[in-house]
Structure formats: structure tokens, C-alpha cells
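Trainee: This is the structure I want to talk about, given as C-alpha cells.
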Amino acid sequence: MSFERKKVVVLGAGYAGLQTIAKLQKLVSAQDCDITLINKNEYHYEATWLHEASAGTREYKDCLYPVASVLDASKVDFVAAEVTKINRDEKTIETTNGTFKFDILVVALGFESETFGISGMKEHAFQIENINTARRISAHIEERFANYAQSTDKDEKDLSILVGGAGFTGIELLGELTERMPELCKKYGIDQAKVKMTCVEAAPKMLPMFSDKLVNYVVDYLEARGVEFKIATPIVAANENGFVVKNGEQEEQLYANTVIWAAGVRGSHLMEESFEGVKRGRIVVRDDLRIDGYDDIFVIGDCSAVMSGEGDNKRPLPTTAQIAMQQGEFTAKQIVKLLNNDQLGTFKYDDKGTVASLGSHDGVGVVFGKEITGKKAAFMKKVIDTRALFKIGGTGVAFKKGKFL
Ligand SMILES: Cc1cc2nc3c(=O)[nH]c(=O)nc-3n(C[C@H](O)[C@H](O)[C@H](O)COP(=O)(O)OP(=O)(O)OC[C@H]3O[C@@H](n4cnc5c(N)ncnc54)[C@H](O)[C@@H]3O)c2cc1C
């Protein structure tokens, strides 16, 4: 390659950022460019497994691995620091561990919880945002069950869990919770019939990405394991007692000592602070994944909005790990083209399907256009999860952390 040595900086070691690095370090030699990866933590966590860590069906430690373990240290400098500011015009990144210059920037800072301004939701509900919030949820549930078991003045709310949202995250979380309950109740000598799990959803349909047949499968599965659904029921507030919901014209208080918000995510708050035209932390990217006016800045993963469709039907693609990883791989190739002054390509999303787990042995999904349920879906989910580990971390990480049972 013949180009001057440029500074490539990647922000975030989630699916998008780490996949960019994993591919880029294969495509360039150490002399081709300086690559720096900046991530808040020393580790990468599997965000698509956060429902498992939250419910306590999977040890949080099993959902993460050291970022450095997948890097080629001769080509990539890793900085464990929090990005505090992106100066797009000065071409610098401010972090808690110094300021870094870039010639080419990849923003892959991922998602945060979005509570849509619902009163008290941030203060009174747990959010599923990262591995630490997930750890807190599972520890809290266990602590409530332990408290119930040992107290003489028993508080039924200790055994009540409210989940806000019947989208992908809420449903997968409920699937894990139903798997966790028998073990937790046995551990603390609690009659499982006393446990109350309620899912509250504002929209008239849950899991909008799936057919009625698959949705009915999910409802039957979860109801049979004790979950109560309140669909078309908007949550108007969260407080120290639980959720306040709208029931027709009336407001109703739902009580629980574990309250989890799983109904909304947005891109990083740094996006609004750094760029114009950002909506809920997402910026519309061009079809080469760069942003308008900045030919040296790629935005990928949950901070990006990739528009799909024609004319008035143009909509942003949903934010998923599947897209984030495809964007990462594509971006690595675009960086090489940029370094070589070659023409950049067009990102094309290849939708391989979606599978929602219902605990570790069941699920529903659409794979290569075909609907699947039950054990088949659970198996496919494990294949997808293990493939993601393999794509970024190779056989080493896949063998160590993969789902084989
Ligand atoms: C419970 C759950 C289940 C899901 N299941 C699926 C699924 O089955 N299939 C699917 O395709 N998608 C799924 N998703 C969505 C998927 O997890 C996201 O779309 C994906 O994580 C986005 O990848 P990303 O790289 O953009 O961001 P992230 O995975 O969020 O990674 C962002 C990285 O940036 C770091 N970071 C953030 N801010 C800073 C900062 N200021 N400074 C430094 N570092 C920072 C973070 O620590 C993190 O390492 C699920 C999400 C959840 C919550």
C-alpha cells in the first residue's frame, strides 16, 4: 500500500467497534496506519446476553472477555478510558485518559436506556444497559427473595417483578426469569406460586417483528410459566411501589419490589453533544456509513441510522448486533479504501433472520425466511451467539465463552 501513515481511532469495543478492529488488523500491516481503540472498560461484554446476566441464569463473568485478548498488539493500541468529547472539526477525542488525534474516526459507542421522559423511570426502575446494570438486577432479585425467606413480616412485593416492555429485550428477559424462578424458589424455600411476574406493554401488539403465530407461541409459553401480560397498557410513571399504568380512563398502581425497564434504547448521549441532526443518539449515515460533511468519520452500530426503503417509505433499520457487526466488517474495508484513496462502497445489510430466546431451551424466530419455534429456535440462538464470538474473537474466544449445551 502506498499512503502516508494516518491515525485511525475507533470509539467503543462493542459489536460494531470490535468487529471493525478485528477485520482491520487483518487487512493492514503495522506500517500502514496507527490504530487506536478506546473503550470504557478493559473488557467487551456480549450485550445480546444482558437478559441472561440480569435474570441470573448466566454468570456475568461468562458474558465478557478482555478486549486485549482479541487485539494484535503490534497493530492496535488499546486505551481503556471513557470518551467525554468528540471534537469533530479539531479532529480530537477527549477521554478520561488524555486527548487523541484522529485522521479517520469510527464512532461505535452503542446504546443507552431511553425512558421517553416517563416520570420516575430513571430513578425507580432498573435499566438493562451494560454488564454492571445487569449484575445489579440479578443481585437485587436474589436479595429480595432472601429477604422474603428470612423475614417474619413477609412483604409479598419481594416476590413481585414488573417488566416494562414486551419487545425483544423484555420478552427474552421474561424467558430467563421463568427459567431462574424454580432454582431461586428452591434455594430460599419459597412456594413458586407466590411469585408474580408481570409484563406491561403500551402497544397493542408485542414483538412487532414476529407473526401472530410466533407471538401466540411466546404468550402461551410465558403464561404457562406464571407471567401475566398487560398489553395496550401505557406506563405513566414509576415510583417506589412499582409502575403506575393507565387502565382506560383510570390510573392504577402496580406493586413490586423489582421494577425493570426494558422498553427502549437510544444511541450514546455523546452523539447529540458532538453532531447535528441526531435523534435519540442516532445519526443518519450515508450509504458508505460516513456522515454528511465529514468524509473521515464513520458512525456505526446503535449510534447510526441506516435508512432503508424508497421515498416516503424510507425507515431506519432496527438497531441490532447483527447489523452492527456487518457494519464493522464493512467499515474496516472502507478504511483501507480511504487510506488508499480508492472509491468507497455501499453498505448492504444482509438480514439473516432474528431469534428470540425463551430461556436456554426454547425460543421463536425467523431464520432465512423460515419461522422456527421451540428447541430448534433455542439451538439456532446458541449458534448465532457463538458465531458472534467466533467472528470477533476467533476460535479461542468462541471455545471459551461459546454456548455449546
Ligand atoms: C437484552 C438484549 C438482547 C439483545 N438481543 C439481540 C439479538 O438477539 N440480536 C441482535 O442482533 N441484537 C440484539 N440486541 C441489540 C444489540 O445488543 C445491540 O444492537 C448491539 O449491542 C449494538 O452494538 P454496538 O457495538 O453499536 O454497541 P454496544 O454493544 O452497546 O457497544 C458499545 C461499546 O462502547 C462502549 N462505550 C459506550 N460509551 C462509551 C464512552 N463514552 N467511552 C468509551 N466507551 C464507551 C461500551 O462500554 C461498549 O463496549 C439485544 C440487546 C439487548 C439489551
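The values are calculated or read from the model by the stated rules, or taken from the named source; none is laboratory data. Remember, it's a predicted structure, so these values are computed and weren't measured experimentally. Positions of Cβ are backbone-derived with ideal geometry, glycine not excepted, and every protein chain shown enters the neighbour counts. Remember, those area values only see protein heavy atoms, side chains included, never the ligands or the DNA or RNA. Shrake-Rupley method; radii C 1.70, N 1.55, O 1.52, S 1.80 Å.
Trainee: Against the definition (more than 12 Å from the ligand (Cβ to nearest atom) and of a type in the set (Gly, Ala, Ser)), how does SER308 come out, yes or no?
Mentor: Answer is yes for this residue.
Trainee: While we're looking at this one, here's another question. Taking segment 39-59 as the region of interest, how many residues are among the β-branched types (Val, Ile, Thr) and either on the phi > 0 side of the Ramachandran plot or more than 10 Å from the ligand (Cβ to nearest atom) (or both)?
Mentor: Residues flagged as among the β-branched types (Val, Ile, Thr) and either on the phi > 0 side of the Ramachandran plot or more than 10 Å from the ligand (Cβ to nearest atom) (or both) within segment 39-59 amount to 1.
Trainee: Which one of these is more than 21 Å from LEU162 (Cβ to Cβ), of a type in the set (A, V, I, L, M) and either free of Cβ contacts under 8 Å to residues at least 40 places away in the same chain or assigned by TED's automatic domain parsing to the domain that holds ALA149 (or both): LEU184, LEU207, LEU214?
Mentor: Going through LEU184, LEU207, LEU214 in turn, the sole match is LEU214.
Trainee: Just give me the residues in segment 124-136 being aliphatic (A, V, I, L, M) and over 21 Å from ASN39 (Cα atoms), in sequence order.
Mentor: Within segment 124-136, just ALA125 meets the criteria.
Trainee: Now, a different point. Exactly one condition in (1) more than 20 Å from GLY267 (Cα to Cα); (2) away from the ligand (no atom under 12 Å from the Cβ) is not met by CYS63; state its number.
Mentor: (2)
Trainee: Can you pull out every residue in segment 102-123 that is without any contact (Cβ under 8 Å) to a residue 60 or more places away in the chain and under 20 Å from ILE35 (Cα atoms)?
Mentor: If the condition is that a residue be without any contact (Cβ under 8 Å) to a residue 60 or more places away in the chain and under 20 Å from ILE35 (Cα atoms), then no residue fits.
Trainee: Name the pairs: first residue in segment 20-42 and over 11 Å from ASP72 (Cα atoms), second residue polar (S, T, N, Q) and open to solvent by 10 Å² or more (accessible area, probe 1.4 Å), Cβ to Cβ under 8 Å, at least 6 apart or on different chains?
Mentor: The qualifying pairs are ILE38/THR95.
Trainee: Any residue at all in segment 137-150 that's within 14 Å of the ligand (Cβ to nearest atom), touching a Phe, Trp or Tyr at 6+ places or on another chain (Cβ under 8 Å) and outside any loop (DSSP other than H, G, I, E, B)?
Mentor: yes
Trainee: Give the residues of segment 255-270 that are more than 8 Å from the ligand (Cβ to nearest atom), in a loop (DSSP other than H, G, I, E, B) and under 11 Å from GLN127 (Cα atoms), sorted by residue number.
Mentor: Once the filter is applied, which keeps residues that are more than 8 Å from the ligand (Cβ to nearest atom), in a loop (DSSP other than H, G, I, E, B) and under 11 Å from GLN127 (Cα atoms), segment 255-270 yields ALA263, GLY264.
Trainee: Of the residues VAL245, VAL278, which is farther than 30 Å from ALA55 by Cβ and open to solvent by less than 30 Å² (accessible area, probe 1.4 Å)?
Mentor: Of VAL245, VAL278, the one residue that is farther than 30 Å from ALA55 by Cβ and open to solvent by less than 30 Å² (accessible area, probe 1.4 Å) is VAL278.
Trainee: Pairs needed: first member in segment 335-353, closer than 17 Å to PRO316 by Cα; second member anywhere, in a loop (DSSP other than H, G, I, E, B) and among the charged types (D, E, K, R); C-beta distance under 7 Å; at least 6 residues apart or different chains.
Mentor: THR346/ASP287; THR346/ASP288; PHE347/ASP287; PHE347/ASP288
Trainee: Being away from the ligand (no atom under 16 Å from the Cβ) and surrounded by fewer than 16 Cβ atoms within 10 Å (Cβ to Cβ) is the requirement here; does GLU252 meet it?
Mentor: So GLU252 passes the test.
Trainee: Does segment 75-82 contain at least one residue that is open to solvent by 60 Å² or more (accessible area, probe 1.4 Å), near the ligand (Cβ under 8 Å from one of its atoms), in contact (Cβ under 8 Å) with a residue 40 or more places away in the chain and at negative phi?
Mentor: yes
Trainee: Can you tell which of ILE104, ILE141 is of a type in the set (A, V, I, L, M) and farther than 30 Å from TYR294 by Cβ?
Mentor: Selected residue: ILE141, the only one of ILE104, ILE141 that is of a type in the set (A, V, I, L, M) and farther than 30 Å from TYR294 by Cβ.
Trainee: Look at segment 96-116 and say how many of its residues are among the polar types (S, T, N, Q) and surrounded by 18 or more Cβ atoms within 10 Å (Cβ to Cβ).
Mentor: 2
Trainee: In segment 212-235, how many are assigned to a loop (DSSP other than H, G, I, E, B) and either under 20 Å from ARG180 (Cβ atoms) or open to solvent by less than 40 Å² (accessible area, probe 1.4 Å) (or both)?
Mentor: 3
Trainee: Something else now. Consider THR36 against the criteria (1) in contact with a helix residue (DSSP H, G or I) (Cβ under 9 Å, 6 or more places away or on another chain); (2) within 15 Å of the ligand (Cβ to nearest atom): it satisfies all of them except one. Which criterion is unmet?
Mentor: So the condition that THR36 fails would be (1).
Trainee: Quick check on my filter: what residues within segment 130-148 are of a type in the set (A, V, I, L, M) and loosely packed, with under 15 Cβ neighbours inside 10 Å?
Mentor: Matches in segment 130-148: ALA139 only.
Trainee: Quick check on ILE161: is it within 16 Å of the ligand (Cβ to nearest atom), of a type in the set (A, V, I, L, M), part of a helix (DSSP H, G or I) and assigned by TED's automatic domain parsing to the domain that holds TYR221?
Mentor: Judged against the criteria, ILE161 is not a match.
Trainee: I've got another one for you. Looking at segment 83-95, which of the residues that are in contact (Cβ under 8 Å) with a residue 24 or more places away in the chain and part of a loop (DSSP other than H, G, I, E, B) is most open to solvent (accessible area, probe 1.4 Å)?
Mentor: Residue satisfying both the conditions and the ranking: LYS91.
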